[in-house]
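Engineer: Submitted below is the structure of interest, expressed as structure tokens.
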Amino acid sequence: PGNGPMDAVFLNCPGVTQYGEVLIRCEYGTMDKPAYDQLVIKPHGNLVVRSRLAGDEMRLKGGRRSLKRIFIDRKIPASQRAVVPVLADDTGVVGVYGIGANLDRVVSEGVLIKFEKK
């Protein structure tokens, strides 16, 4: 199977969206602290799941980094990087499956996203 970039898909919210082998549950809710498989955000505009794009970046505990650098640091094989689900809205990346939330975008109450491997 090809591991090239996948098309962007609008998130069903509330609802469930399948992206490759990952199910993304979207609802309104709260969460005490971010986890690698769920996050709470306040989206700006349309919420989509897509492949990584050139120039994508997000803030983690160690500071702001490009997704390319994060994927390299996490030893995600180059052949798999295009199929890692990236959540984004009209202003940029809000979170990445298996990595977590963009800390610039985390809120305590808002849109709760849960990732599940199919």
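The values are calculated or read from the model by the stated rules, or taken from the named source; none is laboratory data. It should be emphasised that the depicted structure is a prediction, and the values quoted were computed from it without experimental measurement. Positions of Cβ are generated from backbone atoms using ideal geometry, with glycine treated the same way; all protein chains shown enter the neighbour counts. Accessible surface areas use protein heavy atoms only, side chains included; no ligands, DNA or RNA. Shrake-Rupley method; radii C 1.70, N 1.55, O 1.52, S 1.80 Å.
Engineer: Could you pull out the residue among 59, 52, 25 that is among the charged types (D, E, K, R) and either at positive phi or part of a loop (DSSP other than H, G, I, E, B) (or both)?
Structural biologist: 52
Engineer: Let me ask another. Which numbered condition trips up residue 70, out of (1) at pLDDT 95 or above; (2) in a strand (DSSP E or B)?
Structural biologist: In the conditions (1) at pLDDT 95 or above; (2) in a strand (DSSP E or B), residue 70 misses (2) alone.
Engineer: For region 84-97, give me the residue count where each residue is open to solvent by 40 Å² or more (accessible area, probe 1.4 Å) and closer than 13 Å to residue 50 by Cα.
Structural biologist: So the answer is 2.
Engineer: Also, quick follow-up: Checking the structure you have, find out if any residue of region 59-74 is surrounded by 14 or more Cβ atoms within 10 Å (Cβ to Cβ), within 16 Å of residue 37 (Cα to Cα) and under 11 Å from the mean Cα position of the chain (by Cα).
Structural biologist: no
Engineer: From the list 54, 35, 78, pick out the single residue that is touching a residue at least 24 places away in the same chain (Cβ under 8 Å) and of a type outside the set (Phe, Trp, Tyr).
Structural biologist: Every option except 35 fails the conditions.
Engineer: Residue under question is residue 28, and the condition is that it be open to solvent by 40 Å² or more (accessible area, probe 1.4 Å), in contact with a Leu (Cβ under 7 Å, 6 or more places away or on another chain) and either of a type in the set (A, V, I, L, M) or in contact (Cβ under 8 Å) with a residue 60 or more places away in the chain (or both); does it hold?
Structural biologist: It is true that residue 28 is open to solvent by 40 Å² or more (accessible area, probe 1.4 Å), in contact with a Leu (Cβ under 7 Å, 6 or more places away or on another chain) and either of a type in the set (A, V, I, L, M) or in contact (Cβ under 8 Å) with a residue 60 or more places away in the chain (or both).
Engineer: I'd like the full set of residues that are open to solvent by 40 Å² or more (accessible area, probe 1.4 Å) and over 17 Å from residue 27 (Cα atoms), limited to region 99-115.
Structural biologist: 103, 104
Engineer: Another one. Look at residue 36 and say whether it is out of contact with any helix residue (DSSP H, G or I) (no Cβ under 8 Å at 6 or more places or on another chain) and surrounded by 14 or more Cβ atoms within 10 Å (Cβ to Cβ).
Structural biologist: no
Engineer: Still on this model: Out of everything in region 6-17 that is out of contact with any strand residue (DSSP E or B) (no Cβ under 6 Å at 6 or more places or on another chain) and surrounded by 13 or more Cβ atoms within 10 Å (Cβ to Cβ), what residue ends up being farthest from residue 104 (Cα to Cα)?
Structural biologist: In this case the residue turns out to be 6.
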